[in-house]
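Read-outs throughout are calculated quantities, based only on the coordinates presented, and are distinct from any laboratory measurement. Remember, predicted model here, so these are calculated numbers, not experimental data. Cβ atoms come from the backbone with ideal geometry, glycine included; neighbour counts cover every protein chain shown.
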């Protein structure tokens, strides 16, 4: 009996870092892995979200006759289809219904179904072309190479700071670096950027957030950390 594959509304948030270039066939997608993880990348950033928690998702209606599983290498959904699925989630935000079930999965069709508890809505389309990068080894390598310096900051403060810097130092033809300087876990994070139009410099800081202990690794993260590298693995950049 096939095991159903669910993708949560939150999983599809990875689309925010997917490549917007339709010609970039490897990265213009959301990748659904065999275990239900959702992944996306634009070549400079990569975001992966673990599969839905089975205990949290068990109340989602079980459509036994409409079950499909991704292939071992996973499958990609185009961003257009992903956006259609996101629009189909119920507006009442009942936690039990904030999932989509994979109902078709083949080399020619991928389909996700949502429901409001009474009616179903399905989005079907052709899978994204090309092969998605080896994201597990990319993440595993990055985690192993990370320094021992760890810092926690308030997420909203960091988002607000980056948004403000983005306005102060706007994109210059796709070149928009921000330089991040980190001391110890008790020091502020420094963000620096330059406005190439006005010649001005933006200098910001975000203070650390005091938390009771570090975020514990989930079993999903521990499994990713254990991935072994074969050859040189990196996030694929546009044009490669």
>> Given points 7 Å out from each Cα along the Cα-Cβ axis, report the residue 168 to residue 142 separation in nanometres with one decimal.
In response: 2.6 nm
> Which distance in nm do the two modelled labels at residue 25 and residue 119 give, with both placed 7 Å along the Cα-to-Cβ direction?
Replying inline: 3.7 nm
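Treat the count of other C-beta atoms within 10 Å as a stand-in for reagent exposure and order 99, 175, 196 from fewest to most.
175, 196, 99
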> When the chain is modelled as a GNM with alpha-carbon springs shorter than 10 Å, which of 93, 44, 29 fluctuates the most?
Replying inline: 93
>> If I model a spin label at residue 66 and residue 187 as a point 7 Å from the Cα along the Cα→Cβ vector, what separation in nanometres do I get?
In response: 5.5 nm
>> Between 204, 130, 36, where does the largest GNM mean-square fluctuation fall for the chain, given springs only between Cα atoms within less than 10 Å?
In response: 204
>> What whole-number distance in Å separates the alpha-carbon centres of the stretch 9-52 and the stretch 70-127?
In response: 14 Å
> Comparing 80, 171, 187, which has the greatest mean-square fluctuation in the GNM of the chain with Cα pairs linked when under 10 Å apart?
Replying inline: 171
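Could you give the C-alpha radius of gyration of the stretch 69-192 expressed as a fraction of 2.2 N^0.38 Å, taking N as the number of residues it contains? Each step should come with its number before you reach the end.
Details: Rg = 20.4 Å, N = 124, 2.2 N^0.38 = 13.7 Å.
Normalised Rg, Cα atoms only: 1.49.
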> For the chain, how big is the tail of P(r) above 24 Å, as a whole percent of Cα pairs?
Replying inline: 55 percent
>> Could you tell me the extents of the stretch 155-206's C-alpha atoms along the three principal axes, largest first, rounded to whole Å?
In response: 35, 20, 16
>> Quick check of the Kirkwood formula: for the stretch 8-142, what is the inverse mean of 1/r over all pairs of different Cα atoms, in Å?
In response: 15.1 Å
> Working out 0.36 nm times the residue gap between residue 96 and residue 196, then minus their Cα-Cα distance, what length gain in nm do you get to one decimal?
Replying inline: 31.2 nm
> Per-residue ellipticity at 222 nm for the chain, helices alone: DSSP H runs ≥ 4 residues times -39500 (n - 2.57), over residue total, nearest 500 deg cm²/dmol?
Replying inline: -5500 deg cm²/dmol
